[in-house]
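K.L.:
Dropping a structure here in structure tokens format, bear with me for questions.
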Amino acid sequence: MNIQQRSAKAPLKILLCSPRGFCAGVVRAIDAVERALSMYGAPVYVRHEIVHNRYVVEALKAKGAIFVEELEEVPDTKAPVIFSAHGVAKSVSAAAAERNFLAIDATCPLVTKVHREAEIHHKRGRRVLLVGHAGHPEVVGTMGQLPDGAVLLVESVEDALNIEIEGEHNLSYVTQTTLSLDDSRAVIEALTKRFPSIVGPHKEDICYATTNRQAAVRQVAPRVDAMIVVGSPNSSNSQRLREVAERSGAPAQLVQGRSEIDWTLFDKIGSLGITAGASAPEVLVEEIMDAFAERYDVAVETVSAADESVSFPLPRELRAMA
């Protein structure tokens, strides 16, 4: 019976992007919450989602993590208060210190690098332009490293061409770490063409994980009929993967799990690309593949764009038990 069912299924070639899923900053942030729970017991408070993934957040809640959007929601407590991987404004750190919280900063080191760059530019008297998306926690945190008005947000080429700035010869720029390479390159080109003396980062701000995952999608998308990106809708890097797939020729759906698959988009396809955003666990990728294996006779090929061996140490307060 099983053999007959299997033979009746249409064939489907799955091209699995590599790298995909968790990056070093996400692993560090999740490990920080789990290590804090191990060291101090529940509850552990986390300001904002530790990473943008519902599955991860719910799993940590089940272990005793309490997620809040603002510090005002945290009661007076001796329990650890962890800042998410996206980073926070200096005012948040100051408020935590004022309340004598045991604050643990799980900001991705690559985001911290952008913070330090912005501070250095400011100290050297340069106006800082931040290429990024308004309202994203990483952008809010980066802008919050400097006094109000010291950072100007540039979201698009149109912004770059029209933004009004005094002192056009003393400018600098930094970028959000999870942008589309194509989009950010276009904005930066517009800025440098308009302001030839603008000073950029010593090393590109868009992180290695974003770069590598987008590169894998660019290799896979032209070879498949459609793509699935596993990730949350509020995950910037996951949304950028979906956009890169579509620009590279493959209609794509961003899903958080198998229950969200729109099967009308994947009816009668012969090939499928699958990737996952940097905050999406591999178990969700496996869940998606199982869903397609129930409907198709699946053959899997991994397409690798880069090898990743990056790791980051835990925050200082948690290393004693590492």
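K.L.:
How high is the relative contact order of the stretch 149-226? Use alpha-carbon pairs under 8 Å, at least six apart in sequence, and give a whole percent.
P.N.:
Values: 55 pairs, mean separation 26.9, N = 78.
The normalised contact order for the stretch 149-226 reaches 34 percent.
K.L.:
Based on the Kirkwood radius over alpha-carbon pairs, what is the Stokes-Einstein translational diffusion coefficient of the stretch 144-273 at 20 °C with 1.002 mPa s viscosity, in µm²/s? Before the final figure, lay out the partial values.
P.N.:
Numbers: Rh = 16.7 Å.
This corresponds to a translational diffusion coefficient of 128 µm²/s.
K.L.:
With the chain treated as a Gaussian network of Cα nodes joined by springs under 10 Å, which of Val220, Val199, Val139 yields the largest mean-square fluctuation?
P.N.:
Val199
K.L.:
Next question. Scan the chain and note any complete DSSP helix (H) whose C-alpha atoms cover at least 15 Å along its axis and whose Kyte-Doolittle average is 0.0 or more.
P.N.:
Details: long enough: 24-40 (23 Å, 0.68); 109-123 (21 Å, -0.85); 181-194 (19 Å, -0.36); 208-220 (18 Å, -0.65); 236-247 (16 Å, -1.61); 282-293 (16 Å, 0.92).
The answer, listed by residue number, is 24-40, 282-293.
K.L.:
Right, next: Which trypsin sites (Lys or Arg not before Pro) in the stretch 229-283 pass both tests, a DSSP loop state and at most 16 other beta-carbon atoms within 10 Å? Intermediate results must be reported in sequence, preceding the final value.
P.N.:
Values: sites: Arg240, Arg242, Arg247, Arg258, Lys268; in loops: Lys268.
Of the trypsin sites (Lys or Arg not before Pro), the ones in loops of the stretch 229-283 whose Cβ has at most 16 other Cβ atoms within 10 Å are Lys268.
K.L.:
Over the chain, what is the relative contact order in percent, taking alpha-carbon pairs closer than 8 angstrom and at least six residues apart? Walk me through the intermediate numbers first.
P.N.:
Working: 621 pairs, mean separation 86.1, N = 322.
With pairs under 8 Å counted, the relative contact order is 27 percent.
K.L.:
So how far apart, in nm, are the two label points at Ala8 and Ile120 if each is 7 Å from Cα heading toward Cβ?
P.N.:
6.5 nm
K.L.:
Can you count the Lys pairs in the chain whose Cα atoms are under 30 Å apart, with each pair 8 or more apart or on different chains?
P.N.:
18
K.L.:
Among 185-198, 72-85, how do they line up by average Cβ neighbours within 10 Å per residue, starting with the highest? Write out the running numbers ahead of the final one.
P.N.:
Numbers: 185-198: 16.0, 72-85: 17.7.
Output ranking for 185-198, 72-85: 72-85, 185-198.
K.L.:
If the viscosity is 0.890 mPa s and the temperature 25 °C, what translational diffusion coefficient in µm²/s does Stokes-Einstein give for the stretch 200-314 when Rh comes from Kirkwood over Cα pairs? Working shown, then result.
P.N.:
Values: Rh = 14.8 Å.
Roughly 166 µm²/s, to the nearest whole number.
K.L.:
Taking the Cα centre of the chain as the origin, how large is its charge dipole in debye, to the nearest 20, when only Lys and Arg (+1) and Asp and Glu (-1) carry charge on their Cβ atoms?
P.N.:
Working: 34 positive and 42 negative charges, 152 e Å.
Value, rounded to 20: 720 debye.
K.L.:
Could I ask something else about it? Quick one: check the C-alpha center-to-center distance for the stretch 41-59 versus the stretch 158-204, whole angstrom.
P.N.:
A separation of 34 Å, based on Cα centres.
K.L.:
So how long is each side of the stretch 163-215 along the principal axes, counting just the alpha-carbon atoms, biggest first, in Å?
P.N.:
Per principal axis, max minus min of the Cα coordinates gives 37, 18, 14 Å.
K.L.:
Now for a separate question. Determine, for His202, His121, His133, the number of other Cβ atoms within 10 Å of each Cβ, and report the residues in order from fewest to most. Walk me through the intermediate numbers first.
P.N.:
Details: His202 9, His121 24, His133 17.
With the fewest neighbours first, His202, His121, His133 line up as His202, His133, His121.
K.L.:
Same structure again: Could you compute how fast the stretch 110-194 diffuses translationally, taking Rh as the Kirkwood radius over C-alpha pairs and applying Stokes-Einstein at 4 °C with viscosity 1.567 mPa s? Give it in µm² per second.
P.N.:
101 µm²/s
K.L.:
Also, quick follow-up: Is there a quick way to get the dipole size of the stretch 5-119? I mean about its Cα centre, with the Cβ of Lys and Arg at +1 and of Asp and Glu at -1; what is the value in debye to the nearest 20?
P.N.:
Details: 15 positive and 13 negative charges, 178 e Å.
It works out to roughly 860 debye.
K.L.:
Next question. Taking the simple approach of a point 7 Å from Cα along Cα-to-Cβ for both Val68 and Arg99, what is their distance in nm?
P.N.:
0.3 nm
K.L.:
Shifting gears a bit: Semi-axes, largest first, in whole Å: what does sqrt of 5 times each Cα gyration tensor eigenvalue give for the chain? Mind showing how you got there, number by number?
P.N.:
Numbers: eigenvalues 263, 156, 42 Å².
Those come to 36, 28, 14 Å.
K.L.:
Just from its helices, what would the mean residue ellipticity at 222 nm be for the chain, if runs of 4 or more DSSP H residues each count -39500 (n - 2.57) and the sum is divided by every residue, rounded to the nearest 500 deg cm²/dmol? Mind showing how you got there, number by number?
P.N.:
Values: 11 runs with 122 residues, N = 322.
Using -39500 (n - 2.57) per qualifying helix, the result is -11500 deg cm²/dmol.
K.L.:
On to the next question. Highest first, please rank the peptides 273-279, 169-175 by the mean number of other Cβ atoms sitting within 10 Å of their residues. Write out the running numbers ahead of the final one.
P.N.:
Values: 273-279: 28.3, 169-175: 20.1.
Top of the packing list down: 273-279, 169-175.
K.L.:
In the chain, with Lys and Arg counted as +1 and Asp and Glu as -1 at Cβ, which of these residues, Ala160, Val114, Ala306, has the Cα nearest the positive end of the dipole, that is, farthest along it?
P.N.:
Comparing the listed Cα positions along the dipole, Ala306 ranks first.
K.L.:
Also: With +1 assigned to the C-beta of every Lys and Arg and -1 to the C-beta of every Asp and Glu, and no other charges, what is the dipole magnitude of the stretch 110-194 about the Cα centre in debye, to the nearest 20?
P.N.:
440 debye
K.L.:
PRE reach from Glu260 (point 7 Å along Cα→Cβ): which of the stretch 281-295 fall under 20 Å by backbone N?
P.N.:
281-293
K.L.:
Using the Cβ atoms and a cut-off under 13 Å, what net charge is assigned to the surroundings of Glu34, where Lys and Arg are +1 and Asp and Glu are -1? If you can, show how the numbers build up before the last one.
P.N.:
On the way: positive: Arg28, Arg35, Lys61, Lys63; negative: Asp31.
Net charge around Glu34: +3.
K.L.:
May I ask for the Kirkwood hydrodynamic radius of the stretch 24-108, worked out over all distinct Cα pairs and given in angstroms to one decimal? The partial results should precede the final answer.
P.N.:
Details: mean 1/r = 0.0800 Å⁻¹.
The answer is 12.5 Å.
Readers should treat all values here as calculations from the given coordinates under stated rules, not as data from a laboratory. What you see is a predicted model, and the numbers here were worked out from it, not measured in a lab. Cβ atoms come from the backbone with ideal geometry, glycine included; neighbour counts cover every protein chain shown.
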